[in-house]
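First the structure, in the form of structure tokens, and then the observations on it.
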Amino acid sequence: MRQILLFNVLGLVLFACNEDVKPIDCEKDGPVISLGLVVNASSCGITDGSISVSASQGKEPYSFLLNDLPGQSTGKFENLRAGIYSVGVRDANGCMATVDNVLVNAVDFSFSATITDDDACLTDNGMVVIDVSAGNPPYTYKLGNGTFSDNNTFSGLPHGSHTISVKDNNGCSVTLIVTVPRGATGTSWLNDIKPIIEVSCAKSGCHDGSSRTDLRIYDNAKFHASSIKSKTEDRSMPRQGTLTQDQIDIIGCWVDDGAPEN
């Protein structure tokens, strides 16, 4: 009896270990976020604005996030000052969806942001221009922990979130969490990526088709694009770790562009 019991337990363990569990594809199976009602603040410095969002698809329960604040179970964010916000939802699988650059204006402090994508691979060329159309001029602006000045244009920005503060003549200030999108960099498979693979990866016995996938073939490189990016970034590929940082960044740009055959 004891031997049968042990066999059955072992069988269950082996079954569990060999079970084919597919990873979650957040792009296909993740949540979708929709922006609802945005209520402006009644005045600069008054915290009575709000943002409402809803979520669908993905796996419940959802957690809703505003900027870097802890998540909450509802999609309505209240008691907000005038500003620009990023709102997100995370589902039970850990997949995220966001809606960026949501404006909450104030009746006496109205503003807009013109945002240019960062579409350079090895340099940063995103740009943000802030225009204030109501308030108490003159206005001053600062990026991050910089100093206030009358310059309302910020260039050379990497993609991602940036904190811009705007202050009027009465000393009232608003904080804008502006997200610069990642634009397509135009990194070329033929001119940029394939030469790196041919020189550094497709060596004898290593991704030259003899024992491992031939990454010189576009369809193979496209299929393994995400893995190529992650393994070159952590320098586990190629094994000798011979790629320069620029080469690693170029591979990342190509993958982020969607790994096109260009």
Filter result (touching a Cys at 6+ places or on another chain (Cβ under 8 Å), aliphatic (A, V, I, L, M) and surrounded by fewer than 19 Cβ atoms within 10 Å (Cβ to Cβ)) within the stretch 54-100 | Met96
What number of residues within the stretch 94-105 satisfy the criterion of being over 22 Å from Val166 (Cβ atoms) and aliphatic (A, V, I, L, M)?
-> 2
Inside the stretch 115-152, can you point out the residues that are among the β-branched types (Val, Ile, Thr) and surrounded by 11 or more Cβ atoms within 10 Å (Cβ to Cβ)?
-> Ile115, Thr116, Val128, Val129, Ile130, Val132, Thr140
Does Met96 meet the test of being under 28 Å from Thr187 (Cα atoms), aliphatic (A, V, I, L, M) and without any contact (Cβ under 8 Å) to a residue 60 or more places away in the chain?
-> no
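For the stretch 56-93, give me each residue that is touching a residue at least 60 places away in the same chain (Cβ under 8 Å), under 22 Å from Ser161 (Cα atoms) and in a loop (DSSP other than H, G, I, E, B).
Asn67, Arg81, Ala82, Asp91 - these are the residues of the stretch 56-93 that are touching a residue at least 60 places away in the same chain (Cβ under 8 Å), under 22 Å from Ser161 (Cα atoms) and in a loop (DSSP other than H, G, I, E, B).
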Tell me which of these Thr179 doesn't satisfy, since it passes every other one: (1) among the hydroxyl-bearing types (Ser, Thr, Tyr); (2) out of contact with any Phe, Trp or Tyr (no Cβ under 7 Å at 6 or more places or on another chain); (3) free of Cβ contacts under 8 Å to residues at least 24 places away in the same chain.
-> (3)
Give the number of residues within the stretch 220-257 that are in contact (Cβ under 8 Å) with a residue 40 or more places away in the chain and closer than 24 Å to Ala120 by Cβ.
-> 10
Scan (1) touching a Pro at 6+ places or on another chain (Cβ under 8 Å); (2) assigned by TED's automatic domain parsing to the domain that holds Leu35; (3) of a type in the set (Gly, Ala, Ser) for the single condition Ala82 breaks and write down its number.
-> (1)
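For (1) crowded, with 16+ Cβ neighbours inside 10 Å; (2) modelled with pLDDT of 95 or more, each residue gets a yes or a no:
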| site | (1), (2) |
| --- | --- |
| Asp168 | yes, no |
| Cys172 | yes, no |
| Thr175 | no, no |
| Gly186 | no, yes |
| Ile193 | yes, yes |
| Ile197 | yes, no |
| Ser200 | yes, no |
| Lys203 | no, no |
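The values are calculated or read from the model by the stated rules, or taken from the named source; none is laboratory data. All values reported here derive from a predicted model rather than from experimental measurement. With ideal geometry, Cβ positions are generated from the backbone for all residues, glycine too; neighbour counts draw on all protein chains shown.
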